[in-house]
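Take a look at the structure set out below.
No value in this document is a laboratory result; all are computed from the given coordinates. Predicted model only: the values in this text are computed from it and were never measured. Every residue, glycine among them, receives a Cβ derived from its backbone with ideal geometry; neighbour counts consider all protein chains shown.
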């Protein structure tokens, strides 16, 4: 099953968002796009061309953009706010909490350039705390798709979902390997391969790296269950419990701080339902720095070798 997972092409996940929002808008006349002076970076050019009357340029005023989006939902609109992940969360957390989450407004917070793979822009833009910040807000759905096809599918799916959503994606060209016609289900994990020795759960860009790691582990005779956990909240606890009861141990992999991310969500499930050894592959309580995506993933331990080492370590703890 793992050997069937192959790269279709390489394309950035933000382009999946750009194509997905156009498709969502064609189907639903209430979909509108707001941006904070980053239309090009968020791949909104086709949306602007097709739906100029449904596009709002808010300027470099992200907090105001969140307030405008919250207000638009009262009139039945489905606003997609767009800017970098750092500006979509840290800069506007108060507005999201008070104006969107508290009253359950139907705003889709679409956040590009997340994690270390933003690259050369450096630590001030490489937000690594956003998943934790957003999942702690009551009623907030948090989605971290893994490639272009899944980002496009998720962008379309959230238009039909009622309630606030945080959709996180990235900047660099990345392997595109999931099905173009996939049926994206919010809150339903994608079990990419079944195995019996170790479970690997990943999200975002780390899913492909986990695929590569799992293939090498399989070559060593280790049977890997690989789960693409694209929805961090609501978390598919059933899929986690079923897998851990079979394999007896788990590795989580994410482009995020170890504190507060996917790994911590999985750990809560383990402590409550099925205690088992767990190893994290995540950023270890530090900020990033300038560099290419590949260099940064290597330096901060978010690579194939670290996932393999974590899997071999956690199996010894069973």
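Some points to look at:
- Inter-site label distance for residue 194 and residue 45 at 7 Å from Cα along Cβ, in nm: 4.5
- Cα-based shape type of region 167-251, given that a ≥ b ≥ c are square roots of the gyration tensor eigenvalues and the cut on a/c is 1.5: oblate
- Global form of the chain, assessed from the alpha-carbon gyration tensor, a/c cut-off 1.5: prolate
- The chain - share of DSSP beta bridges that are antiparallel (%, nearest 5): 20
- The chain, relative contact order in percent, only Cα pairs under 8 angstrom and at least six apart counted: 19
- Between 0 and 90°, nearest 10: helix 262-273 axis offset from the chain longest Cα axis: 60
- A straight line joining the Cα centroids of region 37-87 and region 1-16 runs 28 Å.
- Within the listed set 164, 277, 79, the residue fluctuating most in the Gaussian network model of the chain (springs between alpha-carbon atoms under 10 angstrom) is 277.
- Using C-alpha pairs under 8 Å with a sequence gap of at least 6, the mean separation divided by the residue count of region 10-176 gives a relative contact order of 32 percent.
- C-alpha long axis of helix 304-316 to longest principal axis of the chain, angle in °: 50
- Region 190-316, relative contact order in percent, only Cα pairs under 8 angstrom and at least six apart counted: 29
- Distance (nanometres) between label positions extended 7 Å along Cα→Cβ at residue 299 and residue 26: 4.2
- Secondary-structure-derived ellipticity at 222 nm for the chain, considering helices only, amounts to -10500 deg cm²/dmol, per-run term -39500 (n - 2.57) for DSSP H runs with n ≥ 4.
- Averaging the Cα positions of each part gives two centres, and for region 209-247 and region 119-171 these lie 21 Å apart.
- Taking a ≥ b ≥ c as the square roots of the eigenvalues of the alpha-carbon gyration tensor, region 85-166 is classed oblate because a/c is 1.5 or more while a/b is no larger than b/c.
- Cβ-based exposure ranking for 208, 174, in which fewest neighbours within 10 Å come first: 208, 174
- In nm, spacing of pseudo-spin labels at residue 53 and residue 238 (7 Å Cα→C-beta vector): 4.3
- Result for the chain in a Gaussian network model with C-alpha springs under 10 Å: among 254, 53, 129, the largest mean-square fluctuation is at 53.
- In degrees, nearest ten, helix 13-27 long axis to first principal axis of the chain (Cα): 50
- Among 168, 54, 14, the largest mean-square fluctuation in a Gaussian network model of the chain (Cα springs under 10 Å) belongs to 54.
- Length available on full extension from residue 216 to residue 284: 0.36 nm per residue minus the Cα-Cα distance, which gives 22.0 nm.
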